[in-house]
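Accompanying notes for the structure given below.
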Amino acid sequence: MTRRVALVVAALLLAASVASAAEQASDLKLWYAQPAPLAKDWQYPKNALEQSKAWLEALPIGSGRLGAMVFGGVGEERIQFNEDTLWTGKPRDYLRAGARQHLEAIRKGSFADLVDGSDEEKALNKLAKENFLSDPLRQKAFQPCGDLRIAVPGHNEFTDYRRELDLDSAVARVTYKSDGVTYTREAFASYPDNAIVVRFTADKPGKIGFTVKMDSPHATRATELLGKDTIQLTGQVKDLVPPNELGTRFESRVRLVNDGGSVAASKDALTVKDANAVTLLLVAATNFVNWQEVNGDPAAQCQAYLAHLDGKGYDSLRQEHVADHQRLFRRVTFNLGRTDRANLPTDQRLKMINEASKAIAGAQKDVPKPDALPADGLPADPALAALFFHYGRYLLIASSRPGTQAANLQGVWNEVLNPPWESKYTTNINFEMNYWPAELTNLAESHQPLFDMVDDLRVSGARTAKELYGCGGWVLHHNTDIWRGTTPINNVDGLWPTGAAWLCHHLWDHYLHTGDKEFLAKRAYPAMKEASQFFLDFLIEDPKTGYLVTNPSHSPELHADKHALLSYGPTMDNQLIRSLFAYTIETSQILGNEDKEFAAKLEATAKRLPPNKIGQHGQLQEWIQDWDKPNDNHRHMSPLWGLYPGWDVTPADGKMWDAAKLLLKWRGDGSTGWSFAWRIPLWARAGDGDYAYRQLYLQLAKRTLPNMFDLCGPFQIDGNFGACGGIGEMLLQSHLRPTDDRSMHQLDLLPALPQAWPSGSITGLRARGGFEVDLAWDGGKLTKTTIKSNLGNPCRLRAGDKTIDLKTEKGKAYTFDAGLKAS
Ligand code: FUC
């Protein structure tokens, strides 16, 4: 930082104070002084792609399986909801008949290093697209389920409006005054009770009155009354893509429970009058059972969900929900101090840093310089960065719980029939990024749906491995959906065969954090072994270099100038496969050397993979050929997988480490939200907190919506999760193993603290080796740390220039001062 900026930051942070208990509670809220701007008599847009602006201001709640967006309208409320198994399509595989017979020609063409745009390249791409890619070319789409439309008569005039989302209790709340009465609405999505619950109260008796209807954008929707207090919504998804096949069937029900007053039912609406309080219980289900079966009975499910809620009062539902959420959410606390800005509505705070960021000249193309950051932006509001971190954890809890579908490109929140990229799972960065906070920020349970998905993909991916490539094991290309598609899709850049290796990294990382050997043996190892088997069979000798390489493949999603997109042995693939082989071998040893022969094969094959290479400009090469262009600031940073989330390149690699850092510099600032987010942990791994901070700053300023959802081009949730994990990585890293003792992990404490956060604290982070870590700092330096050992492993602690080795006992906590002296 320049001296002047540093002085301004210091002055602002002097004004920043440690939060009182009340302030701490309010600092865990997103809040707004106006409703999400839903037009009066709003109707579903004709254009199935059009996400309403209001939706991007509404507030998300979720139980993993159910998601909802609360708009907070006063006279007209809309609660749009999702069920995570409602997708277009049906059980299927996407294999194109006869595809395999074209493999050899594609491989040959790819090895020929064709010129971009040449007739040969065009012919090769055509051949691949028409004969080798999936059938159909696109995978299926996550669908909206329905809406609650609530009309509140006479509430057009109101004052004292406030709409908030409390991350600590996972309750969305709206309050306002109308005609001398204060009205409150609360909404939450309960994981233990499988329902969305909305509660209406007032500070005077007999004042609650409204009409509720159900609605849905699906052409097949129908609503009907069930008895006196329940509305039923049914429908079946119809694909917008020809041949417009019918997909999943769904049902949803809302039950109205009133305290006092009267309820009248009309054809498809319930009208309550003069009640003291009202609770709406919303449930939903589909006929999806699993990726191979769709013979579920959504009506019976809904009935069972509602029966389960019978007799449970609002207070007990709320209590159970809050306890369930807080058990996870409260594992981590994070405080960066606060200024008065923390008292402002969230949208105003975001606007202020967006305004301030306009002073940054030359973002995007330039190699970033931290001193170009305007001090009046994020440094003036440190609590906003903390709120963004907490929001990432909140969103993961709300969109990914044991037994639910994994968080997709939009988590579990989608309003439109034709969502961007089908709101599915892009596995060449986006899906994995969703899970970066899972282990580090102490939400390992939320990681489970990804592991469940791997169980399915092992089966569908084995079919693709065999049919498309004649290989054993399982393969995954750059996307999947609820039907567990594993074939290459869309275009030739779908021909990237290394998705399974990236997902396996998550299995290994879960083990490293938890030490769960049963998980390692029963779930992780079979998936790793079969993924490795695929590569043993698939790798092919590069005639020019003799290395064993992937082919066909490409470097997601970068296109080297003048060179064909389809290529072979890109750096990212080599890093992913090298890492996969290494932890598969290590796992076989941990499990008692049961697969010695297989491990030996992996060992021999690993030696023949292309190593990371340094190119003519001193950069880490993206391709096996030296094609990189200086200052290519593409949004993807594929060859930097080995820096983060992998650790295939580390400071011990000397010149290679510098080469990776040079490539990172070339990439400059992010562009899409997720590309900013990826740069946060990358710079953190490079040990530069100010560059990491700059990416976070720009993401918040340029790619964050009023409801704090991340923007890719459209809304995409990966950037929320990536930034959350990235902030964690700035404060704690544990990927290095400094000695030959494989149980020993290095815990780097505050490895990339930016100057903008001179003091703060975080508790409850998780480190590899089975540790729970609390950190406090002041003046930019660690003041105190507590390391709780869950497994009794040894660790090396590093803070600044201090290093100590620590032997631990299982279950014990160890506290150290600034000099890493036990205290
Ligand atoms: C990858 C990215 C795009 C987008 C899409 C879902 O293809 O390159 O930016 O995030 O996934």
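The values are calculated or read from the model by the stated rules, or taken from the named source; none is laboratory data. Note that the structure is predicted; figures quoted are calculated from it, not measured. Heads up, the Cβs are rebuilt from the backbone with ideal geometry, glycines too, and the neighbour counts pull from every protein chain shown. Accessible surface areas use protein heavy atoms only, side chains included; no ligands, DNA or RNA. Shrake-Rupley method; radii C 1.70, N 1.55, O 1.52, S 1.80 Å.
Would you pick out the residues in segment 743-757 that are touching an Asp or Glu at 6+ places or on another chain (Cβ under 7 Å) and either open to solvent by 10 Å² or more (accessible area, probe 1.4 Å) or acidic (Asp, Glu) (or both)?
Answer for segment 743-757, where residues must be touching an Asp or Glu at 6+ places or on another chain (Cβ under 7 Å) and either open to solvent by 10 Å² or more (accessible area, probe 1.4 Å) or acidic (Asp, Glu) (or both): just 755.
I need the full set of residues from segment 203-227 which are out of contact with any Ser or Thr (no Cβ under 6 Å at 6 or more places or on another chain), in a strand (DSSP E or B) and over 17 Å from residue 73 (Cβ atoms), in order please.
223, 224, 225, 226
Is it the case that some residue within segment 92-103 is open to solvent by 50 Å² or more (accessible area, probe 1.4 Å), free of Cβ contacts under 8 Å to residues at least 60 places away in the same chain and over 35 Å from the mean Cα position of the chain (by Cα)?
Checked against the condition, which is being open to solvent by 50 Å² or more (accessible area, probe 1.4 Å), free of Cβ contacts under 8 Å to residues at least 60 places away in the same chain and over 35 Å from the mean Cα position of the chain (by Cα), segment 92-103 yields at least one hit.
Each row is one residue, and each column tells you yes or no for (1) in contact with a His (Cβ under 8 Å, 6 or more places away or on another chain); (2) part of a helix (DSSP H, G or I); (3) within 16 Å of the ligand (Cβ to nearest atom); (4) of a type outside the set (Val, Ile, Thr).
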residue: 683; (1), (2), (3), (4): no, yes, no, yes
residue: 696; (1), (2), (3), (4): no, yes, no, yes
residue: 699; (1), (2), (3), (4): no, yes, yes, yes
residue: 707; (1), (2), (3), (4): no, no, no, yes
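Within segment 798-806, does at least one residue satisfy the condition of being at negative phi, touching a helix residue (DSSP H, G or I) at 6+ places or on another chain (Cβ under 9 Å) and open to solvent by 50 Å² or more (accessible area, probe 1.4 Å)?
Within segment 798-806 (the criterion being at negative phi, touching a helix residue (DSSP H, G or I) at 6+ places or on another chain (Cβ under 9 Å) and open to solvent by 50 Å² or more (accessible area, probe 1.4 Å)), the answer is no, since none of the residues qualifies.
For residues that are of a type in the set (D, E, K, R) and either open to solvent by less than 10 Å² (accessible area, probe 1.4 Å) or within 15 Å of the ligand (Cβ to nearest atom) (or both), scanning just segment 552-575, find the one that is nearest to residue 429 (Cα to Cα).
557
Give segment 51-70 a look and list any residue that's more than 15 Å from residue 321 (Cα to Cα) and outside any strand (DSSP E or B), or say none.
Selection gives 51, 52, 53, 54, 55, 56, 57, 58.
In segment 673-691, how many residues are over 11 Å from residue 751 (Cα atoms) and open to solvent by 20 Å² or more (accessible area, probe 1.4 Å)?
Residues flagged as over 11 Å from residue 751 (Cα atoms) and open to solvent by 20 Å² or more (accessible area, probe 1.4 Å) within segment 673-691 amount to 2.
Against the condition of a type outside the set (Asp, Glu) and more than 32 Å from the chain's Cα centre (by Cα), how does residue 141 come out, does it pass?
no
Which pairs do you get when a residue that is open to solvent by less than 10 Å² (accessible area, probe 1.4 Å), found in segment 410-437, comes within reach of a residue that is of a type in the set (Asp, Glu) and more than 9 Å from the ligand (Cβ to nearest atom), reach meaning Cβ atoms under 8 angstrom, with the pair 6+ apart or on two chains?
Once the first residue is open to solvent by less than 10 Å² (accessible area, probe 1.4 Å) and sits in segment 410-437, its partners that are of a type in the set (Asp, Glu) and more than 9 Å from the ligand (Cβ to nearest atom) give 412/84; 416/50; 424/481; 425/481.
Identify all residues within segment 36-55 that are open to solvent by 30 Å² or more (accessible area, probe 1.4 Å) and either modelled with pLDDT of 95 or more or among the hydroxyl-bearing types (Ser, Thr, Tyr) (or both); write none if there are none.
If the condition is that a residue be open to solvent by 30 Å² or more (accessible area, probe 1.4 Å) and either modelled with pLDDT of 95 or more or among the hydroxyl-bearing types (Ser, Thr, Tyr) (or both), then 44 is the only one that fits.
Condition check ((1) under 26 Å from residue 772 (Cβ atoms); (2) touching a Pro at 6+ places or on another chain (Cβ under 9 Å); (3) of a type outside the set (Asp, Glu)) across all residues:
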position: 694; (1), (2), (3): no, yes, yes
position: 700; (1), (2), (3): no, no, yes
position: 714; (1), (2), (3): no, yes, yes
position: 724; (1), (2), (3): yes, yes, yes
position: 740; (1), (2), (3): yes, no, no
position: 750; (1), (2), (3): yes, no, yes
position: 754; (1), (2), (3): yes, yes, yes
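So which residues in segment 400-451 are more than 16 Å from the ligand (Cβ to nearest atom), within 11 Å of the chain's Cα centre (by Cα) and closer than 23 Å to residue 218 by Cα, if there are any at all?
412
If I ask for residues that are under 20 Å from residue 656 (Cα atoms), open to solvent by 40 Å² or more (accessible area, probe 1.4 Å) and in contact (Cβ under 8 Å) with a residue 60 or more places away in the chain, which ones from segment 576-594 would you list?
Once the filter is applied, which keeps residues that are under 20 Å from residue 656 (Cα atoms), open to solvent by 40 Å² or more (accessible area, probe 1.4 Å) and in contact (Cβ under 8 Å) with a residue 60 or more places away in the chain, segment 576-594 yields only 578.
Could you tell me whether residue 716 is crowded, with 24+ Cβ neighbours inside 10 Å, under 15 Å from the mean Cα position of the chain (by Cα) and among the polar types (S, T, N, Q)?
Judged against the criteria, residue 716 is a match.
Working only within segment 355-381, note down all residues that are modelled with pLDDT of 70 or more and either among the charged types (D, E, K, R) or touching a Lys or Arg at 6+ places or on another chain (Cβ under 7 Å) (or both).
If the condition is that a residue be modelled with pLDDT of 70 or more and either among the charged types (D, E, K, R) or touching a Lys or Arg at 6+ places or on another chain (Cβ under 7 Å) (or both), then 355, 357, 358, 380, 381 are the ones that fit.
Among the numbered criteria (1) among the small types (Gly, Ala, Ser); (2) without any contact (Cβ under 8 Å) to a residue 60 or more places away in the chain; (3) assigned to a loop (DSSP other than H, G, I, E, B), which single criterion is violated by residue 89?
The one condition residue 89 does not meet is (2).
Would it be correct to say that residue 641 is within 16 Å of the ligand (Cβ to nearest atom), touching a helix residue (DSSP H, G or I) at 6+ places or on another chain (Cβ under 6 Å) and assigned to a helix (DSSP H, G or I)?
yes
Scan 39, 123 and give me the residue that is among the hydrophobic types (A, V, I, L, M, F, W, C) and in a helix (DSSP H, G or I).
Answer to the selection: 123.
I'm trying to understand the selection: among the residues of segment 646-672, which are open to solvent by less than 10 Å² (accessible area, probe 1.4 Å) and either assigned to a helix (DSSP H, G or I) or within 16 Å of the ligand (Cβ to nearest atom) (or both)?
Once the filter is applied, which keeps residues that are open to solvent by less than 10 Å² (accessible area, probe 1.4 Å) and either assigned to a helix (DSSP H, G or I) or within 16 Å of the ligand (Cβ to nearest atom) (or both), segment 646-672 yields 659, 660, 663, 664, 667, 669, 670.
Could you tell me which numbered condition residue 632 fails, if it satisfies all but one of (1) open to solvent by less than 30 Å² (accessible area, probe 1.4 Å); (2) more than 19 Å from residue 648 (Cα to Cα); (3) within 16 Å of the ligand (Cβ to nearest atom)?
Looking at each condition in turn, residue 632 falls short on (1).
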